[in-house]
Amino acid sequence: MLRLKLYENDNTSGPADLEAAYVVGQDRVPMRGEVRVADGEMTIETRARSAAAVAVPWKVPGVGTVVLETPRLPERQEPYNLHVELARGQMMRISQKREDWGFYDFEAGAEHYAKINEARAQLIEAMTAGPGPAAAKLANDAIRRGVVAGDELSLFHANVFLDRRIAAGNLVKRPLGCRIDPEQTQNGCAERLAQVFDYGVLPIGQLDNDRSGRAARDPNIETWLNHLRQKKKTVWAEGLLTLDPSAMPSWLARAAQDYPKFRDAAQLHIRSMLKAYGPYVHTWEAIRGVHAHNDYRFTFEQIMELTRIACLLVKQTSPKSTVVIGVTQPWGEYYANDPRTIPPMLFAEMALSSGIHFDAFAVDLRFDITSGNPQMRDLMQISSMLDRFGAFGKPVHVMFAGVPSEQAGDGTSWRDGWSEATQAQWCNDLMRIAFSKPAVESVAFQRLIDRDVPDGLFKKDGSPKAAVMEIMRLRKELGV
């Protein structure tokens with residue numbers, strides 16, 4: 001059993017939601033374990049006897065509320081200081097990325113190295129201050145310095161390699177897209193999308209069909225397909241197959257009680273969608289999030305078989321289309337609580353090693369308040385995660401990048417709280433980091449126009465938010 005002490009402070013820094021804490025094992029894969037908090041102490045029990053880390057949403061002054069991880073810690077009698085261990089985990093991640101990026105003696109980075117050294121010195125002071133609140137206070141400052149230094153180093157790295165990529169002409173020519181709510185056809189939605197983006201993502205895979213295989217023709221989808229064709233924009237289809245009950249036809253969900261029946265029904269559904277919309281779609285997200293949603297208790301082998309079937313059917317029926325596999329919640333925190341799921345990196349590795357025919361990964365980077373995954377990540381974690389997917393050797397598309405433009409209570413936040421300005425800054429930083437990666441080919445944003453929550457790029461009346469101006473400005477800088 002691991003024990004970690006928490007200390008009270010002025011509430012400007014510290015844990016934001018201890019109930020959302022989870023255990024992390026080797027290679028940063030979440031693992032099952034019981035996390036309890038009582039009397040100022042966090043206890044962690046796991047079935048494995050190996051060292052384990054803990055990930056905790058943490059309030060960091062000047063940064064916002066982000067998920068931080070301790071290093072993997074062996075069990076011992078006396079408790080660890082959670083504040084000190086989170087600071088130590090952050091400095092370890094910075095050291096690892098500096099080594100990966102070769103940023104130890106890069107002269108232009110001297111300013112950033114100095115800030116990292118300051119954070120390290122603060123950590124050393126905290127580690128030598130002895131047990132108690134004094135060490136926690138010093139560690140909180142080390143956390144703040146470390147996260148800020150990590151973000152700045154990530155942006156510095158992004159700008160260096162983005163400039164190189166622009167100079168080499170390695171950016172694709174149509175790299176920006178946005179998800180479309182088909183019901184939103186008012187306020188010149190099509191014109192607004194055409195002004196900013198190269199492609200639109202439509203939830204075609206969620207359309208209903210009947211048991212005979214006839215796809216229901218959705219008039220809103222038809223309208224948007226006509227708009228996109230007239231504007232000479234390409235079409236992406238979201239989630240042709242998913243195991244999320246809320247995003248699949250009701251008859252298909254009922255068939256999921258028996259795997260063989262579901263497999264046959266899923267093939268019928270996929271074929272009907274491809275027959276109805278294949279001529280209009282340029283890129284199919286053949287399967288989406290099956291590693292994270294498994295309400296039907298399918299086995300690992302069955303999930304991989306469904307992935308193979310979905311990709312193969314698209315390849316056979318629409319051979320000129322691009323086939324992507326959608327990865328949601330790419331840090332895999334869901335796996336800590338649901339043994340029926342698959343860690344995202346393992347799922348990606350198996351898709352490759354199993355010989356499944358697909359063209360790219362689509363990685364979901366939603367952090368909005370309605371996604372079911374509101375835990376915010378700092379820029380270094382985003383950069384590191386994209387590096388890991390890029391190492392698989394397949395192109396990567398960032399899908400549904402999104403954050404809100406208004407703060408909602410005490411939930412996820414960034415910098416001084418969500419606003420139009422912070423949404424715009426996050427979009428800029430995300431695009432710079434993403435397009436600096438050689439494997440990343442495109443970025444698609446979560447929502448075009450506000451709906452129930454303010455997470456779109458345009459307001460309900462169709463007026464642009466600051467994020468739109470930022471995207472357009474960076475687009476001109478990229479020359480695409």
Gap separating the Cα centres of segment 401-440 and segment 443-461, nearest whole Å:
13 Å
Which of S383, S442, S13, S419 has the fewest Cβ neighbours within 10 Å, and the rest in rising order
S419, S13, S442, S383
Considering only the chain, percent of DSSP beta bridges that pair antiparallel, nearest 5:
45 percent
Taking neighbour Cβ counts within 10 Å as the exposure measure, how do E477, E34 sort from fewest upward?
E34, E477
Evaluate the distance, in nm, between pseudo-label points positioned 7 Å from the Cα of Q96 and of M469 along their respective Cα→Cβ axes.
3.9 nm
Cβ-Cβ FRET estimate between F392 and A168, R0 fixed at 22 Å, reported to 0.05:
0.50
Please sort by residue number the trypsin sites (Lys or Arg not before Pro) in segment 280-379 whose DSSP state is loop and whose Cβ has at most 13 other Cβ atoms within 10 Å.
R297, K320
Hz values of 3J(HN,Hα) by residue in segment 180-186 - Karplus curve (6.51, -1.76, 1.60), Gly and Pro given as x
10, 7, x, 5, 8, 10, 9
Hey, which aspartates and glutamates would be in cross-link range of K137, C-alpha to C-alpha under 15 Å, not counting anything within fewer than 8 residues on its own chain?
E8, D10, E85, E125
Students often get this wrong, so check it: of K275/K459; K173/K261; K233/K275; K232/K459; K173/K315; K261/K437, which have C-alpha atoms separated by over 32 Å?
K275/K459; K173/K261; K261/K437
Percent relative contact order of the chain, based on C-alpha pairs within less than 8 angstrom and at least six residues apart?
15 percent
Computed [θ] at 222 nm, helices only, for the chain once each DSSP H run of length n ≥ 4 contributes -39500 (n - 2.57)
-13000 deg cm²/dmol
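None of the figures in this text is laboratory data; all of them are computed from the coordinates on show. All values derive from a computational prediction rather than experimental measurement. Cβ sites come from the backbone with ideal geometry, for glycine too, and all protein chains shown count toward neighbours.
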